[in-house]
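Student: The following block contains the structure, expressed as structure tokens.
The values are calculated or read from the model by the stated rules, or taken from the named source; none is laboratory data. Everything quoted here is computed from the prediction, not taken from an experiment. All Cβ positions, even for glycine, are placed from backbone atoms using ideal geometry, and neighbour counts span all protein chains on display.
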Amino acid sequence: MKPATNLLLLEQNLSKAFGMNTLIGFKMMKTRLGEEFLFSQSRTCFDEPESRFTNYDREILENVISIFDDSRDKVVLQIAMAELEIIASICETIWSKVKESKLSLILVVKDYSTFNLAIGNNPIKKLSSTLGLSFSQHPNCPSVFLVDFEYRFHERFGRVSRYCEITKLDQLIDDKHQNILLFRMEGDFVKKLSIESAILSEEIRGLNNYSEIYSRLFDSISEKISICSDETGVYFRRPYIEGSSLREFLEDNSSESAAKLLIQTSCHFSKMKYFPNDLRPWNLIYNQSQCFFIDFPKNIYVDDDVDGIPNFISLLIVLQHLGEFHTQPFEMVQSKILYDVCNHAEIYNFNSFAKLELAWLNLQEYVDLLMLFKDGKMSIEMILNQVLRE
């Protein structure tokens, strides 16, 4: 334990967080390598000290504890599912006390294997929802959970690694995407969703599409992409693309530079006959020489945007957004463009959407027009006139 720790205060904080009548008491213990940790049991765990853990549990615990250096407090609580059901209702208190004390809390659920989580309320899901990314489950020893604000279990391999949460700032997110958590760990980008999420199939498609589109960018990408699930949620892991959001890019670069890189990537997709189908400002990652598209929720070989908009029109909307970035919010720009598209008489003619699809597949022919449109020198009507009358 680190010298600055006030052991009594730590015990009091944890007792208060879990409820004064939940835990029996605390005791300093050591691993076989001599690393110290604070240990306590719930009142329904009446094991003698030598039988507190199975050999396998002990091996997992000692491996986990050994990851953390001596500057951190390690606390192990052996607890029954019955107590988990109780503390799920006060987990916000646990969250604040653990964060305040800057400790690594390991929960060992004694009767996890005999408890039917499919019946009734699942306290693990309640804890996961409230504690967020700081709550993780060991994949090889599912009765072991970690509550930590710097580390979590790797959802596939079980090793303990640092993670960094990615905040969804300046993004338009619809209701079905609000509960997605994003983080970076071991150089990878990870999404966490609830296991009941209505967009699981969408995310699975997106990961498969990502693998196909960027297979040349990353070596052995198939080894770096995975989909895993446990009681706390479903995890989608892929390599992290280094770069910045559109908003960050425009802090030091012109909208013209952003538009050129966007068109360049769009033309590459066009040449490969790919349709991003969710071409939106928040799905763009920029570096100084390239724009990357991310999130591909539909079949990339079909012009099938998530909102039913042709991909060519989606590109025009984002280009217009770049031209008015500092004066108009994206939703206003999108509404205006779609209004103008709907007002164009030829959009209702037979085969108009097929012509817009063809325009995307032959995007290189429209590069000059697209830049004129972004600069306000060509209207949506003029663009549509050219595309729909060809």
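Student: Across the range 102-144, what is the total count of residues that are among the small types (Gly, Ala, Ser), assigned to a loop (DSSP other than H, G, I, E, B) and in contact with a Phe, Trp or Tyr (Cβ under 8 Å, 6 or more places away or on another chain)?
Tutor: Step one: filter the range 102-144 for residues among the small types (Gly, Ala, Ser), giving 104, 113, 118, 120, 128-129, 132, 134, 136, 143.
Applying the additional criterion that residues be assigned to a loop (DSSP other than H, G, I, E, B) yields 118, 120, 143.
Remaining after also requiring in contact with a Phe, Trp or Tyr (Cβ under 8 Å, 6 or more places away or on another chain): 143.
Residues flagged as among the small types (Gly, Ala, Ser), assigned to a loop (DSSP other than H, G, I, E, B) and in contact with a Phe, Trp or Tyr (Cβ under 8 Å, 6 or more places away or on another chain) within the range 102-144 amount to 1.
Student: Can you tell me which of Leu207, Leu261, Leu279, Leu246 is touching an Asp or Glu at 6+ places or on another chain (Cβ under 8 Å) and hydrophobic (A, V, I, L, M, F, W, C)? Give the derivation first.
Tutor: On the way: Leu207 fails: touching an Asp or Glu at 6+ places or on another chain (Cβ under 8 Å); Leu261 fails: touching an Asp or Glu at 6+ places or on another chain (Cβ under 8 Å); Leu246 fails: touching an Asp or Glu at 6+ places or on another chain (Cβ under 8 Å).
The conditions single out Leu279.
Student: Among what's in the range 13-36 and is charged (D, E, K, R) and assigned to a loop (DSSP other than H, G, I, E, B), pick the residue that is surrounded by the fewest Cβ atoms within 10 Å (Cβ to Cβ). Lay out the reasoning, then the answer.
Tutor: Restricting attention to the range 13-36, the residues satisfying the condition of being charged (D, E, K, R) are 16, 27, 30, 32, 35-36.
Then drop every residue that is not assigned to a loop (DSSP other than H, G, I, E, B), which leaves 32, 35.
Values: Arg32: 9, Glu35: 16.
It comes out as Arg32.
Student: Moving to a separate point now. Yes or no: the range 301-317 includes at least one residue that is at pLDDT 95 or above, part of a strand (DSSP E or B) and hydrophobic (A, V, I, L, M, F, W, C).
Tutor: Checked against the condition, which is being at pLDDT 95 or above, part of a strand (DSSP E or B) and hydrophobic (A, V, I, L, M, F, W, C), the range 301-317 yields no hits at all.
Student: Turning to a different aspect of this structure: Give me the residue from the range 145-173 that is among the basic types (Lys, Arg) and either assigned to a loop (DSSP other than H, G, I, E, B) or loosely packed, with under 15 Cβ neighbours inside 10 Å (or both) and, out of that set, modelled with the lowest pLDDT. Step through it out loud before you land on a result.
Tutor: Within the range 145-173, the subset among the basic types (Lys, Arg) is 152, 156, 159, 162, 168.
The next check asks that each one be either assigned to a loop (DSSP other than H, G, I, E, B) or loosely packed, with under 15 Cβ neighbours inside 10 Å (or both); those that pass are 156, 159, 162, 168.
On the way: Arg156: 89, Arg159: 89, Arg162: 93, Lys168: 66.
Looking at residues that are among the basic types (Lys, Arg) and either assigned to a loop (DSSP other than H, G, I, E, B) or loosely packed, with under 15 Cβ neighbours inside 10 Å (or both), I get Lys168.
Student: Identify, from the list Asn209, Asn277, the residue that is over 28 Å from Lys125 (Cα atoms), buried (at least 20 other Cβ atoms within 10 Å of the Cβ), modelled with pLDDT of 90 or more and not assigned by TED's automatic domain parsing to the domain that holds Ala354.
Tutor: On the way: Asn277 fails: not assigned by TED's automatic domain parsing to the domain that holds Ala354.
Every option except Asn209 fails the conditions.
Student: May I pose another question? Given the criterion farther than 19 Å from Cys45 by Cβ, surrounded by fewer than 18 Cβ atoms within 10 Å (Cβ to Cβ), touching a helix residue (DSSP H, G or I) at 6+ places or on another chain (Cβ under 9 Å) and assigned by TED's automatic domain parsing to the domain that holds Lys126, identify the matching residue among Ser71, Ser66, Ser96, Ser104. Steps first, answer last, please.
Tutor: Numbers: Ser71 fails: touching a helix residue (DSSP H, G or I) at 6+ places or on another chain (Cβ under 9 Å); Ser66 fails: touching a helix residue (DSSP H, G or I) at 6+ places or on another chain (Cβ under 9 Å); Ser104 fails: surrounded by fewer than 18 Cβ atoms within 10 Å (Cβ to Cβ).
The conditions single out Ser96.
Student: Return only the number of the condition from (1) of a type in the set (Val, Ile, Thr); (2) more than 15 Å from Phe269 (Cα to Cα); (3) buried (at least 21 other Cβ atoms within 10 Å of the Cβ) that Val306 does not satisfy.
Tutor: Going through the list (1) of a type in the set (Val, Ile, Thr); (2) more than 15 Å from Phe269 (Cα to Cα); (3) buried (at least 21 other Cβ atoms within 10 Å of the Cβ), Val306 breaks only (3).
Student: Quick check, is Ser244 modelled with pLDDT of 90 or more, within 21 Å of Pro276 (Cα to Cα) and either in the same structural domain as Tyr286 (by TED's automatic domain parsing) or polar (S, T, N, Q) (or both)? I'd like the intermediate steps shown before the answer.
Tutor: Details: modelled with pLDDT of 90 or more: yes; within 21 Å of Pro276 (Cα to Cα): yes; either in the same structural domain as Tyr286 (by TED's automatic domain parsing) or polar (S, T, N, Q) (or both): yes.
Answer is yes for this residue.
Student: Somewhere in the range 189-198, is a residue modelled with pLDDT of 90 or more, among the basic types (Lys, Arg) and not assigned by TED's automatic domain parsing to the domain that holds Tyr286? Don't jump to the end; show me each part of the working.
Tutor: Kept after step one, since they are modelled with pLDDT of 90 or more, are these residues of the range 189-198: 189-193.
Remaining after also requiring among the basic types (Lys, Arg): 191-192.
Narrowing further to those that are not assigned by TED's automatic domain parsing to the domain that holds Tyr286: 191-192.
The answer is yes, given that some residue of the range 189-198 is modelled with pLDDT of 90 or more, among the basic types (Lys, Arg) and not assigned by TED's automatic domain parsing to the domain that holds Tyr286.
Student: Then there is this: Please verify whether the range 247-254 includes one or more residues that are more than 21 Å from Asn209 (Cα to Cα), of a type in the set (Asp, Glu), at pLDDT below 95 and surrounded by 17 or more Cβ atoms within 10 Å (Cβ to Cβ).
Tutor: no
Student: Please go through (1) within 18 Å of Ala354 (Cβ to Cβ); (2) assigned to a helix (DSSP H, G or I) for Ala259 and return the number of the only condition it doesn't satisfy.
Tutor: Going through the list (1) within 18 Å of Ala354 (Cβ to Cβ); (2) assigned to a helix (DSSP H, G or I), Ala259 breaks only (1).
Student: Touching a residue at least 24 places away in the same chain (Cβ under 8 Å), assigned to a strand (DSSP E or B) and under 30 Å from Phe135 (Cα atoms): which single residue out of Ile285, Ile241 fits that description?
Tutor: Working: Ile241 fails: assigned to a strand (DSSP E or B).
Only one candidate qualifies: Ile285.
Student: Would the range 283-299 turn up any residue that is within 27 Å of Gly243 (Cα to Cα), surrounded by 17 or more Cβ atoms within 10 Å (Cβ to Cβ) and over 23 Å from the mean Cα position of the chain (by Cα)?
Tutor: Narrowing the range 283-299 to residues within 27 Å of Gly243 (Cα to Cα): 283-299.
Now drop any that are not surrounded by 17 or more Cβ atoms within 10 Å (Cβ to Cβ), which leaves 283-286, 291-298.
Going one step further and asking which of them are over 23 Å from the mean Cα position of the chain (by Cα), we end up with none.
No, there is no match, as no residue in the range 283-299 is within 27 Å of Gly243 (Cα to Cα), surrounded by 17 or more Cβ atoms within 10 Å (Cβ to Cβ) and over 23 Å from the mean Cα position of the chain (by Cα).
Student: Additional query: Quick one: how many residues across the range 37-59 are surrounded by 14 or more Cβ atoms within 10 Å (Cβ to Cβ) and at pLDDT 80 or above?
Tutor: Going through the range 37-59 one residue at a time, the tally reaches 6.
Student: While we're on this one: Give the residue, chosen from Phe373, Phe292, Phe330, that is touching a strand residue (DSSP E or B) at 6+ places or on another chain (Cβ under 6 Å) and not polar (S, T, N, Q).
Tutor: Numbers: Phe373 fails: touching a strand residue (DSSP E or B) at 6+ places or on another chain (Cβ under 6 Å); Phe330 fails: touching a strand residue (DSSP E or B) at 6+ places or on another chain (Cβ under 6 Å).
Being touching a strand residue (DSSP E or B) at 6+ places or on another chain (Cβ under 6 Å) and not polar (S, T, N, Q) holds for just one of Phe373, Phe292, Phe330, which is Phe292.
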